[in-house]
Amino acid sequence: MAGRSERPVPVISKETEFFWRSGADGRLRFQACKACAALIHPPQPVCRVCRSHELGVRVVSGYATLIGFTVSHRFGYPGLPSPYVVAQVAIEDDPRVRLTTNIVECDPDDLVLGMRMEVVFEKVGEDDDNGAWLPLFRPAAEQPEEPAGLPRDEIEPEDFGRHVRPMVTPEKFEDKVAISGIGMSEVGRRLMLPPLQLTVEACERAIADAGLSLDDIDGLASYPGAGNVGGFGEGGVAALQSALGIRPTWYNGGMETFGPGGSVIAAMLAVSSGLARHVLCFRTLWESTYSELIKAGKIKPPAGAGAAGWLMPFGATSAAHTLAQTAQRYFHRYGATRETLGWIALNQRANAMVNPTAIYRDPMTMDDYLSARMITTPLGLYDCDVPCDGSVAVIVSAVDAARDLAKPPIRVEAVGTQSIERLEWDQSTLTHEPQVLGPAAHLWSRTSLRPSDVDVAELYDGFTINCLSWIEALGFCGIGEGKDFLDGGKNIAREGGVVAINTHGGQLSHGRTHGMGLIHEAITQLRGEAGERQVAGAQVAAVSSGGLTPSGAILFRKDS
């Protein structure tokens with residue numbers, strides 16, 4: 001027993017109480033299926049392996065294999081000052097089950113993937129009735145002669161294509177829609193403008209770009225919709241409808257969609273089904289201003305009831321903590337290095353240098369990248385995208401209507417939306433960003449075009465490892481071949497590359513416009529309107545949106 005901690009008490013429910021209070025007697029417990037003996041985590045009302053409802057709780061050995069760890073330097077957490085180690089372990093009794101945890105009682109430099117670990121509990125809370133026991137791990141006294149290898153994923157990265165569902169009908173809804181207008185507000189750091197003002201600016205520009213009027217808009221779509229999302233939204237569809245006086249026949253907003261750009265795919269479905277003719281999609285962020293207002297005491301952050309979920313109690317407060325371990329495992333399995341990711345960051349910066357709307361435009365070298373401050377190992381400052389203020393709008397129109405508008409329509413060749421792997425961040429694919437391989441494989445099942453037909457690829461790069469995952473998932477190089485493909489940066493360069501990646505600077509240098517900025521850039525390139533950063537003769541563009549959470553991919557092409 002590691003003693004009492006000052007950390008917040010996890011949010012405990014009737015279904016999870018057995019887990020969080022398991023350590024009272026020093027023994028680790030998991031939900032287990034009585035029919036097939038599988039361990040189940042997080043707890044569920046049904047076994048996901050055999051679908052049995054005969055469930056119970058089982059005491060396990062307390063031993064596990066270390067399958068990922070990151071030293072967190074940038075983030076703080078109550079009772080857990082930086083630096084601290086966030087890790088993932090595979091439970092020895094059933095390696096399909098993994099836990100996010102902290103590693104204690106050792107020097108992080110002595111940790112090796114595949115080490116055998118043992119549980120040790122740390123008490124949080126004032127008393128036993130209202131407290132919890134956090135299962136932490138330390139190296140076991142007895143270690144194998146050779147560290148264990150990484151456990152196999154439920155579906156290995158090379159095998160996702162085998163699990164794609166075939167098209168239900170020979171007709172494609174994508175053939176009935178087109179992109180008719182795009183707009184972007186001012187993008188910057190700490191603009192100190194109301195988010196809805198940015199939204200209106202982007203939407204008015206998109207409507208003007210299409211040659212439409214507000215009265216022509218009969219659909220609205222957004223991500224993440226209304227709700228307490230802090231600097232990640234402006235109030236959703238209702239806020240914009242109220243501001244502009246639009247009377248939509250169809251509208252949609254929410255997080256459970258195909259990534260941050262999922263509103264565009266939802267709009268395609270509405271238009272192709274005849275519910276609307278012109279759907280205005282928008283995405284607004286004001287993270288920089290929001291953070292500044294919190295620091296000034298002008299906004300209070302949402303009050304939490306405790307450490308929610310299965311990651312937060314261990315200080316895994318950011319997606320960076322999960323994806324840093326993904327990058328570590330990718331390096332371990334495929335022999336890549338930090339330089340591999342560095343070529344992505346350098347490519348995006350080179351493109352941003354010729355984009356006047358980008359936030360980071362100064363030249364960057366590999367030495368600059370490698371020497372930047374560490375965020376959470378192995379991810380440094382330039383592996384992470386740039387929080388910003390800005391809004392992007394895209395109009396999806398019926399293809400027959402789009403051909404009569406101001407700009408040549410950009411056609412939709414295919415979308416990829418299938419979710420194949422587990423949704424829980426720490427239970428999913430080990431070496432590639434979760435929720436990337438499935439949509440990518442699904443995309444290619446809906447078109448006769450191939451990766452070699454793509455001229456530009458605007459790939460979600462909240463972190464460099466995200467972009468690498470999409471590059472491999474979409475087939476621009478093979479699984480695990482990123483080290484060689486990215487070496488020197490030539491294959492992804494704007495001029496003379498195999499495929500031009502993130503031509504506006506991506507989220508790493510242009511700013512975190514959360515997927516919609518990638519769509520905006522793809523349309524700009526296919527129209528031939530990108531100016532100094534234009535890729536000559538661009539005919540086909542791939543765009544990806546999201547990762548970790550359900551994601552989507554879209555293949556655009558010029559109208560023939």
Query raised in the report: Would you pick out the residues in the stretch 174-191 that are over 26 Å from the mean Cα position of the chain (by Cα) and open to solvent by 30 Å² or more (accessible area, probe 1.4 Å)?
Result: Asp175, Lys176
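Which residue out of Trp310, Trp286, Trp343 is hydrophobic (A, V, I, L, M, F, W, C) and touching a His at 6+ places or on another chain (Cβ under 9 Å)? Walk me through it before giving the result.
Working: Trp286 fails: touching a His at 6+ places or on another chain (Cβ under 9 Å); Trp343 fails: touching a His at 6+ places or on another chain (Cβ under 9 Å).
Only one candidate passes the filter, namely Trp310.
From Asn252, Asn228, which residue is in contact with a strand residue (DSSP E or B) (Cβ under 8 Å, 6 or more places away or on another chain) and either under 27 Å from Pro550 (Cα atoms) or open to solvent by 40 Å² or more (accessible area, probe 1.4 Å) (or both)? Quick ask: steps written out before the conclusion?
Values: Asn228 fails: in contact with a strand residue (DSSP E or B) (Cβ under 8 Å, 6 or more places away or on another chain).
Asn252 is the lone residue from the list that is in contact with a strand residue (DSSP E or B) (Cβ under 8 Å, 6 or more places away or on another chain) and either under 27 Å from Pro550 (Cα atoms) or open to solvent by 40 Å² or more (accessible area, probe 1.4 Å) (or both).
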Query raised in the report: within 30 Å of Glu186 (Cβ to Cβ) and either open to solvent by 20 Å² or more (accessible area, probe 1.4 Å) or at pLDDT 95 or above (or both): does that describe Ala324?
Result: no
Report task. Could you grab the pairs with beta carbons closer than 7 Å, sequence gap of 6+ or different chains, first residue in the stretch 4-25 and farther than 18 Å from Thr100 by Cα, second one modelled with pLDDT of 95 or more and part of a loop (DSSP other than H, G, I, E, B)? Result -> Glu15/Pro43
Query raised in the report: Do any residues in the stretch 271-287 that are more than 15 Å from Ala221 (Cα to Cα) and touching a residue at least 40 places away in the same chain (Cβ under 8 Å) have Cβ atoms under 6 Å from those of residues that are open to solvent by less than 30 Å² (accessible area, probe 1.4 Å) and in a strand (DSSP E or B), where the two are at least six apart or on different chains, and which pairs are they?
Result: Trp286/Asp389
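Counting only residues that are part of a loop (DSSP other than H, G, I, E, B), more than 19 Å from Tyr382 (Cβ to Cβ) and open to solvent by 20 Å² or more (accessible area, probe 1.4 Å), how many does the stretch 481-501 have?
Here the count works out to 5.
Yes/no per residue for (1) within 29 Å of the chain's Cα centre (by Cα); (2) part of a loop (DSSP other than H, G, I, E, B); (3) surrounded by fewer than 17 Cβ atoms within 10 Å (Cβ to Cβ):
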{"position": "Cys47", "(1), (2), (3)": "yes, yes, no"}
{"position": "Ser52", "(1), (2), (3)": "no, yes, yes"}
{"position": "Val57", "(1), (2), (3)": "no, no, yes"}
{"position": "Leu66", "(1), (2), (3)": "yes, no, no"}
{"position": "Val71", "(1), (2), (3)": "yes, no, no"}
{"position": "Ser82", "(1), (2), (3)": "yes, yes, yes"}
**Report entry** Lone unmet requirement of (1) open to solvent by less than 10 Å² (accessible area, probe 1.4 Å); (2) more than 16 Å from Val543 (Cα to Cα); (3) of a type in the set (Asp, Glu) for Glu521
**Finding:** (2)
Query raised in the report: Only one of these conditions is not met by Glu529: (1) assigned to a loop (DSSP other than H, G, I, E, B); (2) closer than 27 Å to Trp286 by Cα; (3) within 21 Å of the chain's Cα centre (by Cα). Which number is it?
Result: (3)
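Does Arg96 satisfy the condition of being assigned to a loop (DSSP other than H, G, I, E, B) and within 21 Å of Pro313 (Cβ to Cβ)? Can you show your working first?
Values: assigned to a loop (DSSP other than H, G, I, E, B): yes; within 21 Å of Pro313 (Cβ to Cβ): no.
Taking the combined requirement at face value, the residue does not satisfy it.
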Query raised in the report: Under 7 Å by Cβ, and 6 or more places apart or on different chains, what pairs join a residue from the stretch 358-385 that is more than 18 Å from Asp461 (Cα to Cα) with one that is open to solvent by 60 Å² or more (accessible area, probe 1.4 Å) and hydrophobic (A, V, I, L, M, F, W, C)?
Result: Pro363/Met353
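The values are calculated or read from the model by the stated rules, or taken from the named source; none is laboratory data. Given the structure is predicted, the values throughout are model-derived calculations rather than measurements. Positions of Cβ are generated from backbone atoms using ideal geometry, with glycine treated the same way; all protein chains shown enter the neighbour counts. These accessible areas exclude ligands, DNA and RNA; they are computed on the full protein's heavy atoms, side chains included. Shrake-Rupley method; radii C 1.70, N 1.55, O 1.52, S 1.80 Å.
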